[in-house]
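What follows is calculated from the coordinates using simple rules that are stated; it is not laboratory data. Fair warning: this is a prediction, and the values are worked out from it, not measured in the lab. Here Cβ is always computed from backbone atoms with ideal geometry, including for glycine, and neighbour counts include all displayed protein chains.
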Amino acid sequence: MNQYTEMYAWIRHSFGDAPFSIDSFRSVFPTSQAPKVIHDLVREGYLHRTDRGVYRAVKPHELVDGIVQRDYKAKDILRQSEKKYAYCESTAVSIWTEGYYWTGFTKGFKPSHIKVRQRDLPHWQDFFERHHVRFALYDESKTLFGYVYILHPARDFRVANKDGSWAVPLEEIVEFCLENEMSYQPALEYLDEHYGIGYKQRAFIHT
């Protein structure tokens, strides 16, 4: 548990939902840096400013909701990078099916799969760390939660613009779905209906 979370717990214990001033804060928590500490707590989402020099500890459910909403803002962060990337795997399936088919996530884990160039990995690591966004390599063993970018390094790759999003080309997604047909049959049927990928003919031949 980080220090801000521990201090938030003690602020809630001391003030509850009542507003407090910097002087009140200083009288409870002896510090010569009360303004800075409070500024940091506001920035991190633990406190709300209710008036000039007056603050209130957020309610626990507000803190949780704030953390989740900040995570979701990471969905648009790639637009700030100048390096080449393409959504791939289950994320690209959702893009190519116009959101019709979405899988590979849970209530607590929202991965976004992207292809990046192998030589650009240092850039992406720095990029995500600077923006406080979680990421992992596709084969990395670590506990994942929330909105996470899953990086799939490649020497190079092709990119297609699908409704304003950079994704791997349709044929690559079809191949991915066929390799995982039991999970992606509905997506294949959708792609066949909208792009004529020949899935129904293939299914007929194999019956």
Worksheet entry | segment 49-89: GluC sites (Glu not before Pro) falling in loop per DSSP and having at most 13 other Cβ within 10 Å | 82
Worksheet item: Hey, with R₀ at 45 Å, roughly what FRET efficiency would residue 24 and residue 83 work out to, going by the Cβ-Cβ distance, to 0.05?
Response: 0.40
Worksheet item: Regarding segment 33-130, what are the three Cα extents along the principal axes, ordered largest first, in Å?
Response: 49, 32, 18
Discussion item. Tell me whether the chain comes out rounded, prolate or oblate; compute the Cα gyration tensor, take square roots of the eigenvalues as a ≥ b ≥ c, and use a/c under 1.5 as the rounded threshold.
Written reply: prolate
Fill in: segment 133-188: GluC sites (Glu not before Pro) in DSSP loop, at most 11 other beta carbons within 10 Å
140
Fill in: Packing-based exposure ordering (other Cβ within 10 Å, fewest first) of 182, 7
182, 7
Discussion item. Using the Cα centre of the chain as the reference point, and only Cβ charges (+1 on K/R, -1 on D/E), how large is the resulting charge dipole? Debye, rounded to the nearest 20.
Written reply: 760 debye
Item to complete: For the pairs 142/162; 73/107; 115/142; 59/110; 83/115, note any where the Cα-Cα span goes beyond 21 Å.
Response: 142/162; 59/110
Worksheet item: Any idea how far the Cα center of segment 10-25 sits from the one of segment 37-61, in Å?
Response: 10 Å
Practice prompt. Filter the trypsin sites (Lys or Arg not before Pro) in segment 26-129 to those in DSSP coil with at most 14 other Cβ atoms within 10 Å of their Cβ, and list the result.
Written response: 52, 83, 84, 107
